[in-house]
Each structure stands twice: as structure tokens, then as C-alpha cells.
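I have placed the structure first, in the form of C-alpha cells, so that the comments after it can refer back to it.
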Amino acid sequence: MAENTKKIADIAVILGIDEQTCRTIAKEYDEILPCRKIGKVNVYEDNTVDRFRKIADLQAQGLPKEVIIPAIRGGKSLQERAIEDMKKMGVDISNEPKKEAPKPIPRSETEEELILSVRSAESSIAAMEHRLSAFREKSADDTAAILDAVSSVSAEVAELKVQVHTLWDQIAALEEFLRASQNKSFWKR
């Protein structure tokens, strides 16, 4: 995975919100949160993390999706755009109860870089473990094939030894026969 992409779990950690909320935002606002699929996993560019943060903040203020999407796309500040759209829709924003969203844990840039480095190292280690596991499995299969071949050759060698012993026994019997036949006279045969 590229260094500048984040999974939902990474974004949730960075923003300090729970992963399920982050997944809900990603699903609900997929039209303004572009992502790439790597296998079954959606990955988002670094610049999308800020959009997640803005959407979570606007949801915490009680703004509906119809207001949040244009606010994210628009040129004015999100707050101004959201208030204007709410007024156009006839929604009285002063009476709306505000939802309390968990506030992101403020982290320094160094802490975020450290967290990202650790996550990157974890994914690299997982990839290496996966490769090592595949190598071990292949090695075990190769070892089993080699042992089968060796046992097959051993059986053939044992069979050849039996044949060689039989041949030597036949040669010994033939030599004995020839010696015995040389000692006899020609007419006694």
C-alpha cells in the first residue's frame, strides 16, 4: 500500500472517532470521498482525511447530508455554506439540538508521523510474515517430494541388490558346475 493512502481504521485513529462512525461516513458520503479498492479494502488519499474531519464536525453540529455535501464541495467556508443552505431550506438552526461527537484527540505532527510509521511497519511486517509462511509451506512441500523420491530410489536400490545377489549366486553355481564338468572325463559325461 502506498505511503500516502489510509484505510478507514487509520483515519478513525487520526481523527479520534470510532471506526464504525468513520465507516458510516465513508459509505454515506462516498460521492465526495473518493477511494481506491485494493482487494476488499478501500484506501483513501491523505487529503481525504481532512474531508472526513469536516464531515464529522458538521454532523456533530446537526447538519443534514443535503447541506454537508454542497458545503464540502463549495468555495465558502463550510460553516457559512452550511448556514446559508439551512436557511434556504427553511431550517431554523438556532433551535436544532446539537449532537455531541467525540472530539479528536489533538496530536502533534510528530505523534501522527510516529503513529503512521508504526502502522506502516506493522503492515510491512505482516507482508513479510505472509511471504515467510508461503515459503515455509513451499519448503515443506518440496521436502516431502524429496523424501518420497529418496524412498522410491531406496526401494529400487534394494530390489537391485537382491537381483545382484541372485546373479552372484547363479554365477557361483555356474562356476561350480564348470569345475565339476572339467574334472570329469569327456566320455563319462
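Every number here is computed from the coordinates shown, using simple stated rules; none is lab data. Every value quoted in this text rests on a predicted model; they were computed, and no experiment measured them. Every residue, glycine among them, receives a Cβ derived from its backbone with ideal geometry; neighbour counts consider all protein chains shown.
Mean projection of the Cα convex hull over all viewing directions, computed for segment 106-147: 2.9 nm².
Pairs with C-alpha atoms separated by more than 22 Å, drawn from the list Lys27/Lys65; Lys27/Lys87; Lys7/Lys138; Lys6/Lys54, are Lys27/Lys87; Lys7/Lys138.
For a quick check of your reading of the filter: which trypsin sites (Lys or Arg not before Pro) in segment 20-57 sit in a DSSP loop and have no more than 14 other Cβ atoms within 10 Å? Those that pass, being in a loop and sparsely packed, are Lys40.
Cross-link partners for Lys184 among the aspartates and glutamates, with Cα-Cα distance under 15 Å and sequence neighbours closer than 8 places in the same chain left out: Glu175, Glu176.
At what distance in angstrom do the alpha carbon centres of segment 45-75 and segment 111-137 lie from each other? First find each Cα centre; the distance between them is then 32 Å.
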